[in-house]
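Enquirer: Pasting a structure below so you can have a look.
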Amino acid sequence: MPANSGGFDPFADLMAVQEAMPAHWQPVNLWTLSPFQRALVSIDGTVTKFIEAYMLEPIEIVRLHQREQQLQREHLWLAASAGTSVIARQVLLRGRYSATIYAYAVSLLLVDRLPADVLRGLDVDPSGIGRILLNSQLENRREILWYGRETIADLPESIEIHTGNRFISRTYRILVGNRPIMLINEKFPIDSPVWQEGG
């Protein structure tokens with residue numbers, strides 16, 4: 001640790017509601033993360049493009065699950081009431097050349113707040129959400145809510161075999177005109193040699 005670090009936390013003014021981190025998550029000692037991991041937690045642009053630039057490898061979006069359903073209860077961070085229609089989506093970010101799984105992402109998207117071309121893109125476009133939004137030219141901003149260390153005991157074996165069950169995770173929401181349109185949880189596998197070595 002640099003002598004002048006003084007316990008500096010570069011994320012202190014970045015995470016909107018770090019205190020709302022889920023109870024089953026654990027705090028992260030930033031000094032145990034590689035620079036690559038710290039960048040992944042803090043980046044407010046498209047993670048897929050960042051990984052492609054860092055690893056010099058195209059990233060494929062592997063869609064595991066996508067289904068329209070209704071919220072069972074009021075959702076604070078989406079500012080949506082019970083019964084609201086959402087698209088629940090799960091994807092893997094996989095390297096085209098190496099087949100490395102770089103991230104596992106779980107999202108909730110509000111159907112009635114999304115333009116028709118974004119909804120179409122979710123069905124037919126193999127790109128990630130960031131690229132779909134960019135192609136739609138929908139003006140939006142990201143608000144990173146919290147981050148932490150997460151262990152998922154009931155992760156499906158079909159995913160865990162590629163990622164393990166320990167992750168550095170972060171949650172953010174995308175807003176249009178100060179209204180949330182989606183909530184995204186990105187999970188970066190701790191046990192991947194890529195993360196341990198920082199690329």
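The values are calculated or read from the model by the stated rules, or taken from the named source; none is laboratory data. All of these numbers come straight from a predicted model, not from anything done at the bench. Cβ: placed from backbone, ideal geometry, glycine included. Neighbour counts: every protein chain shown. What goes into the accessible areas is simple: the full protein's heavy atoms, side chains included, and nothing from ligands, DNA or RNA. Shrake-Rupley method; radii C 1.70, N 1.55, O 1.52, S 1.80 Å.
Enquirer: Please list 3J(HN,Hα) in residue order for the stretch 149-162, calculated via the Karplus relation 6.51 cos²θ - 1.76 cosθ + 1.60 where θ = phi - 60°; whole Hz, with x for glycine and proline.
Expert: Whole-Hz 3J(HN,Hα) from phi for the stretch 149-162: 9, 10, 10, 10, 6, 10, 5, x, 4, 5, 8, 4, 4, 9.
Enquirer: Go from 0 up to the bin containing the longest alpha carbon distance in the stretch 64-168, width 10 Å each, and give me the % of pairs per bin.
Expert: Going from the shortest bin to the longest, the percentages are 11, 37, 40, 11, 0.
Enquirer: Using Cα pairs under 8 angstrom and six or more residues apart, how large is the relative contact order of the stretch 1-86, in percent?
Expert: Values: 36 pairs, mean separation 12.7, N = 86.
Relative CO of the stretch 1-86 lands at 15 percent.
Enquirer: So what is the relative contact order for the chain, in percent, with contacts set as C-alpha pairs under 8 Å and at least six apart?
Expert: It rounds to 24 percent for the chain.
Enquirer: At q = 0.17, 0.21, 0.28, 0.30 Å⁻¹, what base-10 log of I(q)/I(0) does the Debye formula yield for the stretch 16-76 when every alpha carbon is treated as an equal point scatterer in vacuo?
Expert: -0.97, -1.09, -1.14, -1.19
Enquirer: Give the range of the longest stretch in the chain that excludes all GluC sites (Glu not before Pro) found in loop regions by DSSP and having at most 15 other beta-carbon atoms within 10 Å.
Expert: Value returned for the longest uninterrupted segment is 1-73.
Enquirer: Tell me, what is the per residue accessible area of the stretch 1-155 in Å², probe radius 1.4 Å?
Expert: On a per-residue basis, the stretch 1-155 sits at 56 Å².
Enquirer: A follow-up question, please. Take the alpha carbon gyration tensor of the stretch 119-185, find the square roots of its eigenvalues, order them as a ≥ b ≥ c, and report rounded if a/c is under 1.5; if not, report prolate when a/b exceeds b/c, else oblate. Let's see the in-between values first.
Expert: On the way: a/c = 3.25, a/b = 1.54, b/c = 2.11.
The shape class here is oblate.
Enquirer: Still on this model: Given the DSSP H assignment, sum -39500 (n - 2.57) over each helix run of at least 4 residues in the chain and divide by its residue total; what's the result at 222 nm in deg cm²/dmol, nearest 500?
Expert: -6000 deg cm²/dmol
Enquirer: If you place +1 on the Cβ of every Lys and Arg, -1 on the Cβ of every Asp and Glu, and leave all else neutral, what size is the dipole of the chain about its Cα centre, to the nearest 20 Debye?
Expert: Using Cβ point charges on Lys, Arg, Asp and Glu, the chain gives about 200 debye.
Enquirer: How many angstrom lie between the Cα centre of the stretch 125-199 and the Cα centre of the stretch 1-67?
Expert: 9 Å
Enquirer: Can you give the translational diffusion coefficient of the stretch 1-123 in µm²/s, computed by Stokes-Einstein from the Kirkwood radius over Cα pairs at 37 °C and 0.692 mPa s? Let's see the in-between values first.
Expert: Numbers: Rh = 17.4 Å.
Result for D is 188 µm²/s.
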